[in-house]
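The values are calculated or read from the model by the stated rules, or taken from the named source; none is laboratory data. Source: prediction; values computed, not measured. Positions of Cβ are backbone-derived with ideal geometry, glycine not excepted, and every protein chain shown enters the neighbour counts.
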Amino acid sequence: MGRSLHETTFVVIDLETTGGAPHLGAAITEIGAVKVKSGKILGEFKAFVNPEHPVPSYISELTGITDAMVYQAPTIATIFPTLLEFLGSPQETVLVAQNAPFDLSFLKYAARAHAFSWPDFPVLDTAIIARKVLSRDEVPNCQLATLSAFFGTSTTPNHRALDDAKATVDVLHGLIERVAGLDIYTLEELMNFGKRIKKPKSPASRPPTS
């Protein structure tokens, strides 16, 4: 039968970073995550992260995150155990992100760099699902700000991790309602549906921050 979407625990996560790719030296500056099940919020995670190098000025202009805000924050190596505890086990938790490859690239890189084992979470990408269920007549693109406006999210995305994660929660719920019209009610059905997507015209990666 599969796992009912209604009974699935989702952790919607968003990162802010100092650049577009961890292997090029960019690092995480902020983590925001929201745990939800059956439409109810079970918990929130929010943390500044010391990237251990200066925040570029264009990133500060985009996100509002400055060196002063992260200078005394813990490093990702210190935060990672607490984050993993919040995420829970891959048998229970489904990880959700808007343009998931971006966020996962930083999390997996940090895990490898600091000898943490990254759990094999099932992953849903709201951008990919949106491309499948929303027409160009409904949305001109599948960026978070566009999807937020379309679904009327209670939180407006603003390039800050927790707020963007909260907006993505509402987008996820809106998309789940849409796929129900396609008789998709289980996690397995939704994950298979998300994989059946036409080749995108642009790369799957996104700009430096959400």
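Is at least one residue of segment 96-116 touching a Lys or Arg at 6+ places or on another chain (Cβ under 9 Å) and among the aliphatic types (A, V, I, L, M)?
No, segment 96-116 contains no residue that is touching a Lys or Arg at 6+ places or on another chain (Cβ under 9 Å) and among the aliphatic types (A, V, I, L, M).
Might you let me know whether segment 55-65 holds any residue that is hydroxyl-bearing (Ser, Thr, Tyr), in contact with a helix residue (DSSP H, G or I) (Cβ under 9 Å, 6 or more places away or on another chain) and under 28 Å from Asp183 (Cβ atoms)?
Checked segment 55-65: no residue is hydroxyl-bearing (Ser, Thr, Tyr), in contact with a helix residue (DSSP H, G or I) (Cβ under 9 Å, 6 or more places away or on another chain) and under 28 Å from Asp183 (Cβ atoms).
Being surrounded by fewer than 21 Cβ atoms within 10 Å (Cβ to Cβ) and of a type in the set (D, E, K, R), is that true of even one residue in segment 95-107?
Within segment 95-107, not a single residue is surrounded by fewer than 21 Cβ atoms within 10 Å (Cβ to Cβ) and of a type in the set (D, E, K, R).
Please specify each residue of segment 7-41 satisfying the condition of being more than 20 Å from Tyr71 (Cα to Cα) and without any contact (Cβ under 8 Å) to a residue 40 or more places away in the chain.
If the condition is that a residue be more than 20 Å from Tyr71 (Cα to Cα) and without any contact (Cβ under 8 Å) to a residue 40 or more places away in the chain, then Glu7, Leu24, Lys37, Ser38, Lys40 are the ones that fit.
Residues that are modelled with pLDDT of 95 or more and more than 20 Å from Ala167 (Cα to Cα): does segment 39-48 have at least one?
No; the residues of segment 39-48 include none that is modelled with pLDDT of 95 or more and more than 20 Å from Ala167 (Cα to Cα).
Is there any pair linking a residue in segment 100-122 that is under 16 Å from His23 (Cβ atoms) to one that is surrounded by 15 or more Cβ atoms within 10 Å (Cβ to Cβ) and of a type in the set (Asp, Glu), with Cβ under 9 Å and at least six apart or on different chains, and which?
Pro101/Asp125; Asp103/Asp14
To keep it simple, each residue is scored yes or no on (1) buried (at least 21 other Cβ atoms within 10 Å of the Cβ); (2) in contact with a Lys or Arg (Cβ under 9 Å, 6 or more places away or on another chain); (3) touching a residue at least 60 places away in the same chain (Cβ under 8 Å).
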| residue | (1), (2), (3) |
| --- | --- |
| Ala149 | no, no, no |
| Thr156 | no, no, no |
| Arg160 | no, no, yes |
| Lys166 | yes, no, yes |
| His173 | no, no, yes |
| Val179 | no, yes, no |
| Asp183 | no, no, no |
| Met191 | no, no, yes |
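Hey, among Asp170, Asp163, Asp137, which residue is among the acidic types (Asp, Glu), within 19 Å of Thr93 (Cα to Cα) and modelled with pLDDT of 95 or more?
Asp170
Here's the yes/no breakdown for (1) farther than 22 Å from Ala27 by Cα; (2) more than 17 Å from the chain's Cα centre (by Cα):
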residue	(1), (2)
Ser117	no, yes
Asp125	no, no
Ser135	yes, yes
Glu138	yes, yes
Asn141	yes, yes
Val171	yes, no
Glu177	yes, yes
Glu188	yes, yes
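To keep it simple, each residue is scored yes or no on (1) within 24 Å of Ala127 (Cα to Cα); (2) out of contact with any Gly (no Cβ under 9 Å at 6 or more places or on another chain).
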site	(1), (2)
Leu42	yes, yes
Asn50	no, yes
Pro56	no, no
Glu61	no, yes
Ala73	no, yes
Ile79	no, yes
Gln91	yes, yes
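For segment 125-146, which positions are in contact with a Gly (Cβ under 8 Å, 6 or more places away or on another chain) and either among the β-branched types (Val, Ile, Thr) or part of a helix (DSSP H, G or I) (or both)?
Ile128, Ile129, Lys132
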